[in-house]
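Written below as structure tokens is the structure these notes are about.
The values are calculated or read from the model by the stated rules, or taken from the named source; none is laboratory data. Please read all numbers here as calculations on a predicted model, not as lab measurements. Glycine also receives a Cβ, built like all others from the backbone with ideal geometry; neighbour counts cover every protein chain displayed.
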Amino acid sequence: MKLTSESGIQNNLFGDDKSRILLVEDAESILIAMNDYLTNKFLVSACNNMDSAVCEIDKSIESGKFFDLVVSDIRLKESSGFDLVRYVKEKSPRTRVALITAYEINDFINYIYDESIDQVITKHSNLSLHDIQVMANKLIYGDIFGVDKYFPDIKVFFPSEMKNSIVPGNRQMFSLVLKSTEDKRYWMNIIAKMMYEKKKAPVSVIKLILDEIITNAMVRAPVHEDGDYKYQVKTAGADILKPLDNIVLDEEDFVLLQYGIYDDWIILACQDPHGTLRKKEILYRLHRQLSKDPKTKLPIGIQDSHGRGIFLLREHLTSLVFNIQKDKKTEVLAFYHTSETQPYKNISIYEI
């Protein structure tokens, strides 16, 4: 099936300078909604089965006008989105691939890792077409940093713009620089208490989120020129890293922490100036937390010092985003929806 936009103009592979996206989804209402929303920004082709998708891909290759991005449901009638991923990777290796699913992303972590899938989006009751457009923009154009991609009208105040108040209003985000573990402890307590008073978010959950994203930026990211960690030590013979006590960061290692509120959302973000984190490492650590030891029935990574935190972040957050510019900068965005009884636990990893 080939769809047309609301204007009646068929989206095709020819005669347009827009980036090209192929949508593959067997739920017609979702396919039409995505097609109509994305048509304003991209040249969209839409199919409801694998055979039609393969035909569109072959046509794009023959014309020399390759798709920039393929977005497919994981579960298609009579086929799998993973089969389509393999076909795309074989025929058009530079095309980015994203999958959408109504199932728990945890079930597919191994496939994401093994098949080098760019993104997976959870198909939940509040599926945001804007988030799909953000994903497409980030994958195609590589402009990945900033919370404003997700909340375009949020006002972000940087340290030089901060005045006396440390409490953001609605649709505001405040920024500060962390220079030590003492700073970390102080601001974790302040922000957690603030978010409880403003949005009734559990103090323990906000502290857990802050602890993990700050530790990732402050302790795990900085390394010496020889590759050794600056602020943690590895236990001999074990995959365990222990942070140093009472860390005071060198100036080139200072961390940017941001916190804000947008309607029912709490937004927490942390940025380091190193970009040493890698997508493969994140997925590997999640895999170790989700895979069970056949003898003990416990996660095989239960002793890992730096995988458990990522897993716990996913369990408590509505959405978790890693933006990585290799060897330059890493930004972690944590979105916590205060009215969601069951968060849909999206995880997105962008690496340029």
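Here are some conditions: (1) under 24 Å from the mean Cα position of the chain (by Cα); (2) over 28 Å from K280 (Cβ atoms); (3) outside any helix (DSSP H, G or I). A33 meets all but one. Which one does it not meet?
(3)
Return the residues of segment 167-184 that are part of a strand (DSSP E or B), over 26 Å from I247 (Cα atoms) and in contact with a Gly (Cβ under 7 Å, 6 or more places away or on another chain); say none if nothing qualifies.
If the condition is that a residue be part of a strand (DSSP E or B), over 26 Å from I247 (Cα atoms) and in contact with a Gly (Cβ under 7 Å, 6 or more places away or on another chain), then Q172, M173 are the ones that fit.
Given the options I112, I140, name the one that is under 30 Å from V219 (Cα atoms) and outside any strand (DSSP E or B). It would help to see each step written out before you state the result.
Details: I140 fails: under 30 Å from V219 (Cα atoms).
Of I112, I140, the one residue that is under 30 Å from V219 (Cα atoms) and outside any strand (DSSP E or B) is I112.
Would you confirm, using the coordinates I've provided, whether D293 is surrounded by fewer than 15 Cβ atoms within 10 Å (Cβ to Cβ) and either in contact with a Pro (Cβ under 9 Å, 6 or more places away or on another chain) or acidic (D, E) (or both)?
yes
Mind telling me which of the residues S160, S180, S175, S125 ends up being more than 15 Å from the chain's Cα centre (by Cα), within 20 Å of P273 (Cα to Cα) and modelled with pLDDT under 85?
S160
What pairs come out if I take residues in segment 90-110 that are modelled with pLDDT under 70 and pair them with residues that are part of a helix (DSSP H, G or I) whose C-beta lies under 6 Å away, six or more apart or interchain?
N106/L290
So which residues in segment 250-303 are at pLDDT below 90, in contact with a Leu (Cβ under 9 Å, 6 or more places away or on another chain) and of a type in the set (D, E, K, R)?
Hit for segment 250-303 is K292, nothing else.
Answer with yes or no whether S79 is farther than 17 Å from L99 by Cβ, of a type outside the set (V, I, T) and either surrounded by fewer than 20 Cβ atoms within 10 Å (Cβ to Cβ) or modelled with pLDDT of 85 or more (or both).
no
L249 - would you say it is under 21 Å from R314 (Cβ atoms) and in contact (Cβ under 8 Å) with a residue 60 or more places away in the chain?
Taking the combined requirement at face value, the residue does not satisfy it.
From the list K163, K184, K149, which residue is closer than 22 Å to F254 by Cα, surrounded by 17 or more Cβ atoms within 10 Å (Cβ to Cβ) and of a type in the set (K, R)?
The unique qualifying residue is K184.
Just to be sure before I move on: is I30 farther than 23 Å from P93 by Cβ, out of contact with any Gly (no Cβ under 6 Å at 6 or more places or on another chain), among the β-branched types (V, I, T) and touching a residue at least 60 places away in the same chain (Cβ under 8 Å) in the structure I sent?
Yes, satisfied.
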